[in-house]
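Quick notes on the structure that follows.
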Amino acid sequence: MLLLTGCSNEKKEKYFKGIVSEVADTYFIVIPNEGEPIKDMGDKVWVPKKVVSADGIPDISVDDKIQVIYKDAEKFDDGIKLDVVFAIYKESEIE
């Protein structure tokens, strides 16, 4: 009898969709869509422009609808700040 067991250290990447409300030199401020779990932490998310993806980030403007894939988020008095951002996509580019 052969018994195979395994465990997975694989963590699911977190993501949310929202609308860009501000574009600065090093970050975006994004308002999460209603129903997004991150919205339970706050109404504004500071998203750094530095991403892990080799593709970089698309050209993003105020009022663009985007999806952000990230590792961790931390709540602060002025909103939510993301730790590691894996990728940022414009909603129009998501199939």
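The values are calculated or read from the model by the stated rules, or taken from the named source; none is laboratory data. Just so you know, these numbers come straight off a predicted model, no measurement behind them. As a convention, Cβ positions derive from the backbone with ideal geometry for all residues, glycine included, and neighbour counts pool all protein chains shown. Accessible surface areas use protein heavy atoms only, side chains included; no ligands, DNA or RNA. Shrake-Rupley method; radii C 1.70, N 1.55, O 1.52, S 1.80 Å.
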**Item:** Matching residues in region 68-78 - criterion: being part of a strand (DSSP E or B) and farther than 14 Å from Lys17 by Cβ
**Value:** Ala73, Glu74, Lys75, Phe76
**Complete:** Those residues of region 71-86 which are of a type outside the set (A, V, I, L, M, F, W, C) and within 9 Å of Gly42 (Cβ to Cβ) amount to Lys75, Asp78, Gly79
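Which of the residues spanning region 25-74 are touching a strand residue (DSSP E or B) at 6+ places or on another chain (Cβ under 8 Å) and of a type in the set (Asp, Glu)?
Glu36, Asp43, Asp55, Asp63, Asp64, Asp72, Glu74, listed by residue number.
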**Asked** Hey, Asp40 hits all of (1) acidic (Asp, Glu); (2) closer than 22 Å to Lys12 by Cβ; (3) in contact with a Phe, Trp or Tyr (Cβ under 9 Å, 6 or more places away or on another chain) but one; which does it fall short on?
**Response** (3)
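A quick yes/no check of all residues on (1) modelled with pLDDT under 95; (2) open to solvent by 70 Å² or more (accessible area, probe 1.4 Å); (3) outside any strand (DSSP E or B); (4) over 14 Å from Ile19 (Cα atoms):
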| residue | (1), (2), (3), (4) |
| --- | --- |
| Ile38 | no, no, yes, no |
| Lys50 | yes, yes, yes, yes |
| Ile57 | yes, no, yes, yes |
| Asp63 | no, yes, yes, no |
| Ile66 | no, no, no, no |
| Ile80 | no, no, no, yes |
| Ser92 | yes, yes, yes, no |
**Complete:** Of the residues in region 62-95, those that are of a type in the set (Lys, Arg) and under 16 Å from Ala24 (Cβ atoms) number 1
